[in-house]
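Enquirer: Sharing a structure below in structure tokens format, with a few things to ask.
Values quoted throughout were computed directly from the atomic coordinates according to the rules given, and no laboratory measurement underlies them. The structure presented is a predicted model; accordingly, all values stated were derived computationally and were not measured. When we count neighbours, we look across all protein chains shown, and the Cβ atoms used for this are built from the backbone with ideal geometry, even at glycine.
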Amino acid sequence: MAYKMDRTLSKGASDFIDAQKIEGLLSGVKEDKARYREIFDKSLEKNPLNLEETASLLAIRSQEGLEELFETAKALKKAIYGNRIVLFAPLYIGNLCINDCLYCGFRKSSGGTVRKTLTPEEIISEVKSLQDEGQKRLILVFGESPVYSPNFIASCVRTVYGVHSGKGAIRRVNINAAPLDVEGYRTIKAEGIGTYQIFQETYHRETYSKYHPASTIKGDFMWRLDGLDRAFEAGIDDLGIGALIGLYDWRFEVLGLVSHALHLKEKFGVGPHTISFPRIQPAEGMNLPLPYKCSDNDFKHLVAVLRLAVPYTGMIMTARESPEIRNEVIHLGVSQIDAGTHLEIGGYSSHSDKQALEREQFQVGDTRDLDEATKWLLEEGFIPSFCTSCYRAGRTGDRFMEWAEKGLINKFCTPNALLTLAEYLQDYASPSTRELGNALIEKEMQKMPEDAWKERIKNNLKKISLGERDLRV
Ligand code: SAM
Ligand code: SF4
């Protein structure tokens, strides 16, 4: 039977974006050294910032102020997350779409786009290719269509978890799909998903209506803004927010994202698990005036402010960005990146070196494969992590927040990251990446105090070298 969505909003749904207040803060707050230094101190104690404090950091214009901001973001990232960077890959399942978002290659009016939905056999073949590269975490991406019903999405998740190629396994499946009704979210949650991600695109209502025709379901700003509240109501406490940067003033979007994070924390006691801030990229047939371009320098500013404003949230920088930009911005508070990304549908099992926009949603900036990206992270002194322990141990939502607030992320996450890296190095890495990775594991182990905990980790590393898999502390 065709899926019919119930368009009821969540209990107590509200429009929590106060545009007037945001505009007032953006025009009223000026750079003030004493004030921003006070705010740096507050965030270094891992306190989330309110809108006024965030606006004070957005008001920084001087080079000196920006440098201090970047240093503070780096220090905070280190204090909370250590030097781990979590790796994942997006898997595009299908690009049928009933919406007409003007910036997207999948929009229904795009005549040049090749439409495709993967069959279960094709999903299996894609996942095998991803596993054979060493991927452990995927995000499944869908257009919006009655074909992509909750049951359909749930069956895709089941198919992905069921694939095992060699020693490979996908241990966490996240979702980026249209906002659903509560029942729909329940159906998908039952398959054991990680994060449900919905990007608001823009928090600025008038701009939102400009890019999302009112005749489409996506044209309903409030249905989307309330999307993650309904997910929470259905029991999904692992939520990802985001804004498509470049549709409107990026400073407004930062305050929109912070308003969203504050709203979720206030209503449910749990902030977003991740924040994404993709910059708009060229897409098939896209010919749009985009007067709000966010420059590379602005992008660095944006990432650093978000890091400070929402300290416990994972920050995702996607392969939309070029390797050069990723190399700079990764230091400013990012904790997750995708790597080895192919956006063309079916592109992992059969890809060519050339990007074909008519098969993709938009153009990828960083086309390095997973081994190259892993090597790059190691060279930059990061621990590439494939860890999925928190979610599999049930540490999501308020349990994750409690755990993070007790400062336990570093104690558990660094060892678990090292264990997953050791697996990757042994099973998939090139010799030069393996050499670098093993040296990093050695160095990290040396930093740990000699105690029973370290013995446990050493033991697990030994077991991995002997072929055991999926070990964690
Ligand atoms: N169809 C669902 C939706 O719109 O929420 C989910 C998948 S959509 C393919 C994922 C995200 O891609 C969108 O939320 C949007 O932010 C982003 N996107 C669309 N067009 C883009 C472009 N030209 N450049 C960069 N990101 C884009
Ligand atoms: Fe469809 Fe999502 Fe693209 Fe909009 S952004 S056209 S909803 S796939």
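Enquirer: Could you tell me which residue out of 367, 377, 112 lies farthest along the dipole of the range 77-400 toward its positive end? Charges go on the beta carbon: Lys and Arg +1, Asp and Glu -1, centred on the Cα centre.
Expert: Of the candidates, 377 comes out farthest on the positive side.
Enquirer: For residue 5 paired with residue 158, estimate the spin-label separation in nm (one decimal), with each label point 7 Å from Cα along the Cα-to-Cβ line.
Expert: The answer from the label model is 2.3 nm.
Enquirer: Further question on the same structure: Sorted by packing (mean other beta-carbon atoms within 10 Å per residue), highest first, where do 145-155, 279-289, 187-197 land?
Expert: On the way: 145-155: 17.7, 279-289: 16.1, 187-197: 21.0.
Descending packing order for the listed peptides: 187-197, 145-155, 279-289.
Enquirer: Can you tell which of 185, 389, 91 lies farthest toward the positive end of the dipole of the range 77-400, using +1 and -1 charges on the Cβ of basic and acidic side chains (Lys, Arg; Asp, Glu)?
Expert: 389
Enquirer: Any of 78/443; 411/454; 74/443; 167/462 with alpha carbons more than 19 Å apart? Name them for me.
Expert: Long pairs (Cα-Cα over 19 Å): 74/443.
Enquirer: While we're looking at this one, here's another question. Taking the Cα centroid of the range 120-167 and of the range 204-255, what is the distance between the two, rounded to the nearest whole Å?
Expert: Here the two parts' Cα centres lie 25 Å apart.
Enquirer: Taking a Cβ-Cβ separation under 4.7 Å as the criterion for a possible partner, which cysteines of the chain have none?
Expert: Lone cysteines by the Cβ rule: 97, 156, 294, 387, 390, 413.
Enquirer: Could you tell me the relative contact order of the chain? Use alpha-carbon pairs under 8 Å, at least six residues apart, and round to a whole percent.
Expert: Rounded, it is 20 percent for the chain.
Enquirer: So if we plug the beta-carbon distance of residue 33 and residue 380 into 1/(1 + (r/R0)^6) with R0 = 41 Å, what FRET efficiency do we get, rounded to 0.05?
Expert: The calculated FRET efficiency here is 0.85.
Enquirer: What does the highest-first list of 167-173, 290-296 look like by mean Cβ count within 10 Å?
Expert: Ranking the peptides 167-173, 290-296 by packing returns 167-173, 290-296.
Enquirer: Same structure again: Return the distance in nm (one decimal) between the two label points of a simple spin-label model at residue 372 and residue 19, each offset 7 Å from Cα along Cα→Cβ.
Expert: 4.2
Enquirer: What does the charge dipole of the range 403-465 about its Cα centre add up to, to the nearest 20 debye, if the Cβ of each Lys and Arg holds +1 and the Cβ of each Asp and Glu holds -1?
Expert: Here the size comes out at about 120 debye.
Enquirer: What is the magnitude of the charge dipole of the range 211-280 about its Cα centre, with +1 placed on the Cβ of each Lys and Arg, -1 on the Cβ of each Asp and Glu, and no other charges, expressed in debye to the nearest 20?
Expert: Here the range 211-280 has a charge dipole of around 200 debye.
Enquirer: Taking every pair of distinct Cα atoms and averaging 1/r, then inverting, what Kirkwood hydrodynamic radius in Å comes out for the chain? List each step's numbers first, then the result.
Expert: On the way: mean 1/r = 0.0440 Å⁻¹.
Result for the chain stands at 22.7 Å.
Enquirer: Give, rounded to the nearest 20 debye, the magnitude of the charge dipole that the chain has about its Cα centre when Lys and Arg contribute +1 at Cβ and Asp and Glu contribute -1 at Cβ.
Expert: 880
Enquirer: Another one. Can you list which of the GluC sites (Glu not before Pro) found in the range 1-54 are DSSP loop residues with at most 13 other C-beta atoms within 10 Å?
Expert: Details: sites: 23, 31, 38, 45, 52, 53; in loops: 31, 45.
Taking the range 1-54 and a limit of 13 other Cβ atoms within 10 Å, the loop GluC sites (Glu not before Pro) found are 45.
Enquirer: For residue 11, which lysines qualify as cross-link partners when the Cα separation must be under 28 Å and same-chain residues fewer than eight apart are set aside?
Expert: The qualifying lysines are 21, 189, 218, 265, 267.
Enquirer: Hey, another quick one. Based on the alpha-carbon gyration tensor of the range 127-191, what equivalent-ellipsoid semi-axes (square roots of 5 times the eigenvalues) come out, in whole Å, largest first?
Expert: Semi-axes from the Cα gyration tensor: 24, 11, 9 Å.
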